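Reading through the structure tokens given below for one structure.
Each value in this text was obtained by applying a stated rule to the coordinates, not by laboratory testing. Note that the coordinates shown come from a computational prediction; the quantities given were computed from them, not determined experimentally. With ideal geometry, Cβ positions are generated from the backbone for all residues, glycine too; neighbour counts draw on all protein chains shown.
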Amino acid sequence: MIETSKTENSTAGGVLDAKDIAILKLLQANARATVKEISERVHLSSTPVHERIKRMEEQGVIKQYVTLLDAEKVKKGLTVICYLSLKQHSKEAGSQFIAQILTMPEVLECYNISGEFDFMLKIVAENMNAYYDFHVNKLGQIENIGQVQSIFVMGIIKQTQQLLY
């Protein structure tokens, strides 16, 4: 059985109870788990489990279901963390940058950060040549980019998407 916390968490539409948390933990570990499998693990019948999952989807607690891939096997073996700063910091300049980044499938994640740089990007490419092409012909073509620093991931020690543990 999954260990649950008695602490309640606020959501946009209500409160998550211990059964909701247990369901979410199971779905994080395996999004393909059936309602029947989940109901057996959390000691509820299938109907309430289904209703809870549907409610959490509607409230946006569950944003989407994804399939995690092996980057090497799909020829995206180079991961790059890219820090960059903008020359101008107006709302319009920031919005234009963000709009362009959102169109680039090589950019898996983009964070607006504090400190020396304005943004941190997580980028994947097949190899160094592919990243160079992306850097010069896509990223480098965005107006208003100031400083760019690319850091190449040499090995992944921990990688998870699990928010509840």
Q) At a Förster radius of 41 Å, what calculated FRET efficiency corresponds to the Cβ-Cβ distance of Glu109 and His43, to the nearest 0.05? A) 0.65
Q | Principal axis dimensions, the stretch 1-149 - Cα atoms, whole angstrom, descending | A | 56, 38, 22
Q. Could you give the Stokes-Einstein D for the stretch 9-59 in µm² per second, using the C-alpha Kirkwood radius, 10 °C, 1.306 mPa s?
A. 145
Q.
Skipping prolines and chain starts, which residues have an amide H placed within reach, meaning under 5 Å, of the one on Ile145, given they are 5 or more residues away or on another chain?
A. Lys87
Q) Amide H neighbours of Leu108 under 5 Å, counting only residues 5+ apart in sequence or on other chains, H built in-plane at 1.01 Å? A) Lys122, Ile123, Val124
Q. How about the stretch 97-165: which trypsin sites (Lys or Arg not before Pro) there are in a DSSP loop, with at most 13 other Cβ atoms within 10 Å of their Cβ?
A. Lys158
Q) Excluding Ala93 itself, what net charge comes from residues whose Cβ is under 14 Å from its Cβ, given Lys and Arg +1 and Asp and Glu -1? A) -1
Q. How large is the dipole of the stretch 28-165 about the Cα centre if only Lys and Arg carry +1 and Asp and Glu carry -1, each at its Cβ, rounded to the nearest 20 debye?
A. 380
Q) So what's the back-of-envelope 222 nm ellipticity for the chain, counting only DSSP H runs of four-plus at -39500 (n - 2.57) apiece and dividing by all residues, rounded to 500? A) -10000 deg cm²/dmol
**Q.** Stokes-Einstein diffusion coefficient of the stretch 78-152, Kirkwood radius over Cα pairs, 25 °C, 0.890 mPa s, in µm²/s
**A.** 198
Q | In the stretch 26-92, the GluC sites (Glu not before Pro) that fall in loop regions by DSSP, at most 10 other Cβ within 10 Å | A | Glu72
Q: Among the trypsin sites (Lys or Arg not before Pro) in the stretch 70-113, which ones are in a DSSP loop with at most 13 other Cβ atoms within 10 Å of the Cβ? Mind listing them?
A: Lys73, Lys75, Lys87
**Q.** Förster radius 30 Å - calculated FRET efficiency between Thr34 and Gln161 (Cβ-Cβ, nearest 0.05)
**A.** 0.90
Q. Relative to the present Cα-Cα distance, how much length would full extension add between His50 and Leu69 at 0.36 nm per residue of separation?
A. 4.1 nm
Q. Hey, quick one: spin label on Phe152, modelled 7 Å out along Cα-Cβ, who in the stretch 109-135 has an amide N within reach, i.e. under 11 Å?
A. 127-132
Q: Any chance you could give the angle, 0 to 90 degrees and rounded to 10, that helix 46-59 forms with the longest Cα principal axis of the chain?
A: 30
Q) Cα axis of helix 128-137 to longest principal axis of the chain: angle in degrees, 0 to 90, nearest 10? A) 70
Q | Given Lys63/Lys122; Lys19/Lys54; Lys87/Lys122; Lys63/Lys158; Lys25/Lys76; Lys25/Lys73, the pairs whose alpha carbons are separated by over 18 Å | A | Lys63/Lys122; Lys87/Lys122; Lys63/Lys158; Lys25/Lys76; Lys25/Lys73
